[in-house]
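Trainee: Can you read through this structure? Questions will come right after.
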Amino acid sequence: MAERISGILTPNITPVDASGRVDEDKLCGYVDWLIESGVDGLYPNGSTGEFVRFTPAERRRIAEVVIQQAAGRVPVLAGAAEANARETIAACDAYGAMGARAVAIVAPFYYRLSSEGVYAYFREIADNVSIDVTLYNIPLFASPIDVPTVIRLASECPRVVGIKDSSGDLPNMMRMIAAIRPMREEFTFLTGWDAALVPMLIAGCDGGTNATSGVVPELTGAIYRSVKAGEIERAMRLQYQLLPLFDAMISLGEFPEGFRAGARSRGWDLGPGRVPISAAQREDIQRTQRQIDALVNDSSSLDDDQPLGMPADTIQQIVQSVMRQLK
């Protein structure tokens, strides 16, 4: 039985130079820094990596650079979504040959598919690839993968080994875990919604693919380890350190511009990204950079004595409520 994919896997930002080309040297340095900072895996060509803004050839090169630079130190979950099933299958096989642990595939985007259409799409891919597949549910940008469809794919497709869910829907995550884990013990559940990382881990998720881990890997790693050690109150305290930073970065400019600002706060100027921004947006980013600098500094300090926005007894009530739902 294959081991579950677990821990914090970083959906890394894709560095670009002043001409908009992928900056491979900076990408290699950033990968080294993330691994040295304790991340459990890397996830190139995800939403935070702006995969839709790069060409298919660029996406393959980005994955290749990350896999080569990681050099087996951590597993790589490569984003493999392309415009159609045939091209996605080809990308999956290419990433498998490069040494990726598995691929993540977003449901079809632009055209909104029915649940049956989503099932058929993933079934076609799962039956024809040579690498393990994780489903990627992000209904904000793509056709949603509902719970019955996930259960159906998990029960019928051995190659489908997990799901990365960025909906932030805790009850649906719990429904999937309750239905799938008894029949697929090795099935992986990852959360992509940073604001609910602790509750998702308590509920049974194996880890997260969290954009904030590309900025404060020390904090997201400490959250994961605290939950696994049963130190739930500490984990919640750290979650409340993470929350204002996540809110500030996700609301700044066009996604993932706020996370690029966060990376700059850690000394990583990863370039402007591929999406044009207006002069007004540029001014807003410059104004907000100081706020993000301060939040990053606070969040990377792992200050267990930092006061929370809600009392400790309220936190304990939340924890107990989640635990009751799991029984």
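Trainee: Does VAL52 count as in contact with an Asp or Glu (Cβ under 9 Å, 6 or more places away or on another chain) and in a helix (DSSP H, G or I)?
Mentor: On the way: in contact with an Asp or Glu (Cβ under 9 Å, 6 or more places away or on another chain): no; in a helix (DSSP H, G or I): yes.
So VAL52 does not fit the description; no.
Every residue, every condition in (1) at pLDDT below 95; (2) in a strand (DSSP E or B); (3) in contact with a Phe, Trp or Tyr (Cβ under 7 Å, 6 or more places away or on another chain); (4) crowded, with 17+ Cβ neighbours inside 10 Å, yes or no:
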{"residue": "ILE5", "(1), (2), (3), (4)": "no, no, no, yes"}
{"residue": "SER19", "(1), (2), (3), (4)": "yes, no, no, no"}
{"residue": "CYS28", "(1), (2), (3), (4)": "no, no, no, no"}
{"residue": "VAL31", "(1), (2), (3), (4)": "no, no, no, yes"}
{"residue": "PRO44", "(1), (2), (3), (4)": "no, no, no, yes"}
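Trainee: Has region 284-294 got any residue that is surrounded by fewer than 24 Cβ atoms within 10 Å (Cβ to Cβ) and in contact (Cβ under 8 Å) with a residue 60 or more places away in the chain?
Mentor: no
Trainee: If I ask for residues that are over 18 Å from GLY41 (Cα atoms) and in a helix (DSSP H, G or I), which ones from region 98-137 would you list? It would help to see each step written out before you state the result.
Mentor: So in region 98-137, the residues over 18 Å from GLY41 (Cα atoms) come out as 106-130, 137.
Those that are over 18 Å from GLY41 (Cα atoms) and in a helix (DSSP H, G or I): SER115, GLU116, GLY117, VAL118, TYR119, ALA120, TYR121, PHE122, ARG123, GLU124, ILE125, ALA126.
Trainee: Within region 55-67, does at least one residue satisfy the condition of being surrounded by fewer than 24 Cβ atoms within 10 Å (Cβ to Cβ), in contact (Cβ under 8 Å) with a residue 12 or more places away in the chain and among the polar types (S, T, N, Q)?
Mentor: no
Trainee: Continuing with the same structure: Evaluate region 141-149: report whether one residue or more is of a type in the set (A, V, I, L, M), part of a loop (DSSP other than H, G, I, E, B) and modelled with pLDDT of 95 or more. If you could, list the steps in order and put the result at the bottom.
Mentor: So in region 141-149, the residues of a type in the set (A, V, I, L, M) come out as 142, 145, 147.
Okay, now just the ones that are also part of a loop (DSSP other than H, G, I, E, B), so 142, 145.
Among the residues that remain, those that are also modelled with pLDDT of 95 or more are: 145.
Yes; the residues of region 141-149 include at least one that is of a type in the set (A, V, I, L, M), part of a loop (DSSP other than H, G, I, E, B) and modelled with pLDDT of 95 or more.
Trainee: Looking at region 242-264, I want the residues that are closer than 9 Å to VAL215 by Cβ and have a partner that is polar (S, T, N, Q) and surrounded by 24 or more Cβ atoms within 10 Å (Cβ to Cβ) with Cβ atoms under 9 Å, at least 6 apart or on another chain. Which pairs are those?
Mentor: Partner pairs satisfying both residue conditions: LEU245/THR212; LEU245/SER299; MET249/THR212; PHE259/THR48; PHE259/THR212; GLY262/THR212.
Trainee: Filter the helices (runs of 4 or more DSSP H) completely within region 190-281 down to those with at least 1 residues that are more than 29 Å from PHE54 (Cβ to Cβ) and in contact with a helix residue (DSSP H, G or I) (Cβ under 7 Å, 6 or more places away or on another chain). Before the answer, list the steps.
Mentor: Values: elements: 197-203, 217-228, 232-250, 257-265.
Those helices (runs of 4 or more DSSP H) span 197-203, 217-228, 232-250.
Trainee: Next question, about the same structure. Going by what's in this entry, would ASN128 be described as out of contact with any helix residue (DSSP H, G or I) (no Cβ under 6 Å at 6 or more places or on another chain), over 18 Å from MET183 (Cα atoms) and among the polar types (S, T, N, Q)?
Mentor: Working: out of contact with any helix residue (DSSP H, G or I) (no Cβ under 6 Å at 6 or more places or on another chain): no; over 18 Å from MET183 (Cα atoms): yes; among the polar types (S, T, N, Q): yes.
Judged against the criteria, ASN128 is not a match.
Trainee: A follow-up question, please. Scan region 153-171 residue by residue and report those that are surrounded by fewer than 17 Cβ atoms within 10 Å (Cβ to Cβ) and assigned to a helix (DSSP H, G or I).
Mentor: SER155, GLU156, PRO171 - these are the residues of region 153-171 that are surrounded by fewer than 17 Cβ atoms within 10 Å (Cβ to Cβ) and assigned to a helix (DSSP H, G or I).
Trainee: Pick out the one residue from ALA104, ALA142 that is more than 30 Å from GLY72 (Cα to Cα) and touching a strand residue (DSSP E or B) at 6+ places or on another chain (Cβ under 6 Å).
Mentor: Sole residue among the options that is more than 30 Å from GLY72 (Cα to Cα) and touching a strand residue (DSSP E or B) at 6+ places or on another chain (Cβ under 6 Å): ALA142.
Trainee: Which condition from (1) over 20 Å from the mean Cα position of the chain (by Cα); (2) closer than 18 Å to SER213 by Cβ is the one that TYR43 breaks?
Mentor: All conditions pass for TYR43, except number (1).
The values are calculated or read from the model by the stated rules, or taken from the named source; none is laboratory data. Source: prediction; values computed, not measured. Cβ coordinates were reconstructed from backbone atoms using ideal geometry, including for glycine residues, and neighbour counts include every protein chain displayed.
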